[in-house]
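Q: Provided herewith is a single structure, encoded as structure tokens, for subsequent inquiry.
The values are calculated or read from the model by the stated rules, or taken from the named source; none is laboratory data. Owing to the predicted nature of the structure, the values given are computational and were not obtained by experimental measurement. Using ideal geometry, Cβ is built from the backbone for each residue, glycine included, and neighbour counts are taken over all protein chains shown. Ligands, DNA and RNA are excluded from the accessible area calculation, which covers all protein heavy atoms including side chains. Shrake-Rupley method; radii C 1.70, N 1.55, O 1.52, S 1.80 Å.
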Amino acid sequence: MGATYHCACVTGWVEIKLHWDLAADEREREVLLEVAEDCDATVTCETIPADAK
């Protein structure tokens with residue numbers, strides 16, 4: 001699989017985590033950062049309010 005696919009997966013994963021205010025453990029964070037190292041992407045999203053979850 002190409003870098004484009006990996007970048008799209010990592011970007012989507014992070015967007016979901018941020019959107020739903022989900023935690024990531026240290027190992028998950030390390031892997032996401034490692035894969036994202038070769039990506040040229042910016043993640044932006046709106047967080048879901050706690051009372052809407």
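Q: When the helices in the chain are scored as -39500 (n - 2.57) per DSSP H run of 4 or longer and the sum is shared across all residues, what 222 nm value do you end up with, to the nearest 500 deg cm²/dmol?
A: Result for the chain, helices only: -17000 deg cm²/dmol.
Q: A further question follows. In the chain, if every C-alpha pair distance is counted and binned at 5 Å from zero, what percent goes to each bin?
A: Per 5 Å bin, starting at zero, the Cα-Cα P(r) for the chain comes out as 4, 20, 27, 23, 15, 7, 3, 1 percent.
Q: How large a share of the accessible area of the chain, in percent, is made up of carbon and sulfur atoms when the probe is 1.4 Å and the other protein chains stay in place?
A: Ligands and nucleic acids excluded, carbon and sulfur reach 56 percent.
Q: Going by a 4.7 Å Cβ-Cβ cut-off, which cysteines of the chain have no partner at all?
A: When partners are defined as cysteine Cβ atoms under 4.7 Å apart, the chain leaves Cys9, Cys45 without one.
Q: For the chain, find the longest principal axis of its Cα atoms and tell me its angle to the long axis of helix 26-36, 0 to 90°, nearest 10.
A: 50 degrees
Q: Using only Cα atoms, tell me the angle between helix 3-19 and the longest principal axis of the chain; keep it within 0 to 90° and round to the nearest 10.
A: The two axes meet at around 10 degrees.
Q: I've got another one for you. Whole number in Å², please: accessible area per residue of the chain, 1.4 Å probe, ligands, DNA and RNA not counted.
A: 83 Å²
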